[in-house]
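Following: one structure in structure tokens, then a few remarks.
Every read-out reported here was derived from the displayed coordinates using simple, explicitly stated rules and does not represent laboratory data. Keep in mind that this is a model prediction, so the values were computed, not measured. Reconstructed Cβ throughout: ideal geometry from the backbone, glycine too, with neighbour counts over all protein chains shown.
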Amino acid sequence: MPEVSSPAPAIQPAPIHNSLLVFSGKGGVGKTTVAVNLALGLALEGKRVGLLDVDIHGPNAAHMLGADALAVTVSNGRLVPPTGAGGVKVMSMAYLLPETDAPVVWRGPVKGNAIKQFIQDVDWGELDWLVVDSPPGTGDEPLSVAQLLPGTFGIIVTTPQAVALMDARKAVAFARLLKVRLLGLVENMSGLACPHCGKQIELFPVGAAEKLARELLVPFLGRIPLDPRMVAGGDSGSPILAVDDKSEPARAFRAIVGRMLAATGEPGPA
């Protein structure tokens with residue numbers, strides 16, 4: 001009887017030690033800016049970091065990380081994500097579109113399958129953190145991430161604006177329902193320093209997000225001021241942490257990363 005060779009062992013994916021879902025109840029709060037800079041902030045602390053953009057219809061994370069001109073490659077039948085600023089690996093639907101302005105016209109189940117492939121069929125290598133940038137709301141995309149990455153940590157991004165805070169409440173309820181380990185709230189667009197006199201201009205009610213965090217018994221991770229350099233950096237693919245780590249927004253991001261690492265028991269800034 002001819003000898004039958006054993007099948008080759010399946011390639012086991014390298015571990016992803018921690019995942020972080022960055023989401024919001026409302027659009028327009030700067031969630032992708034926060035996700036990109038948190039990923040870069042983790043990398044600057046020596047962590048091996050991946051950034052997964054699950055905003056299927058509006059994938060902007062690769063552009064904001066300065067990696068949109070790069071390309072996904074294939075190795076052993078798996079997609080290999082390119083590397084952007086700070087050594088952060090990034091995967092996005094943007095890499096798979098036939099042209100930049102091509103729309104993705106998909107219903108929920110198809111989006112769920114794509115997100116599953118981005119997590120399970122991409123060769124991320126060993127990661128300390130996989131930061132997931134989700135579209136606003138509590139629909140298919142964050143639901144898929146919560147189910148595919150059980151035990152994921154979560155950060156909710158809001159502004160101090162009343163309507164954003166109303167939707168942040170829903171995001172907190174979503175995290176508790178899906179057992180996302182909520183690290184806390186981040187208040188983005190928290191005041192603007194006047195470029196002429198340096199005086200702080202409060203665009204929204206002061207302390208509103210922190211008050212909401214206390215009310216909902218959720219940690220408040222910090223405020224990120226609105227800064228024209230951060231807006232320009234997002235448009236040009238130059239995150240504020242990569243171009244001006246002494247700026248107020250950069251210091252705020254580093255402080256949030258430190259609090260996040262402390263809350264998860266990870267070694268943080270020295």
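For the cross-link pairs Lys47/Lys199; Lys31/Lys116; Lys31/Lys179; Lys26/Lys179; Lys31/Lys246; Lys179/Lys246, the ones whose C-alpha atoms lie over 25 Å apart are Lys47/Lys199; Lys179/Lys246.
Along the axis of the charge dipole computed for the range 16-264 (Cβ charges of +1 for Lys and Arg, -1 for Asp and Glu, origin at the Cα centre), the listed residues Leu183, Met64, Thr159 are led at the positive end by Leu183. Against the chain, whose longest principal axis comes from its Cα atoms, helix 108-120 is set at around 80 degrees. Per residue, the convex hull around the alpha carbon atoms of the chain comes to 157 Å³. Taking amide H as placed 1.01 Å from N in the peptide plane, Leu127 has its amide H under 5 Å from the amide H of Ile16, His17, each at least 5 places away in sequence or on another chain.
In a reduced charge model with +1 at each Lys and Arg Cβ and -1 at each Asp and Glu Cβ, the chain shows a dipole moment near 800 debye about its Cα centre.
Computed on the range 3-124, the Cα convex hull volume stands at 145 Å³ per residue. Sorting the segments 216-226, 113-123 by their residues' average number of neighbouring beta-carbon atoms within 10 angstrom, most packed first, yields 216-226, 113-123.
Take every DSSP beta bridge whose two residues both sit in the chain, then give the antiparallel share in percent to the nearest 5. Bridges in the chain are about 15 percent antiparallel.
Working note: Debye formula, equal point scatterers on the alpha-carbon atoms of the range 166-268, no solvent; log10 I(q)/I(0) at q = 0.10, 0.14, 0.23 Å⁻¹ is -0.34, -0.65, -1.26.
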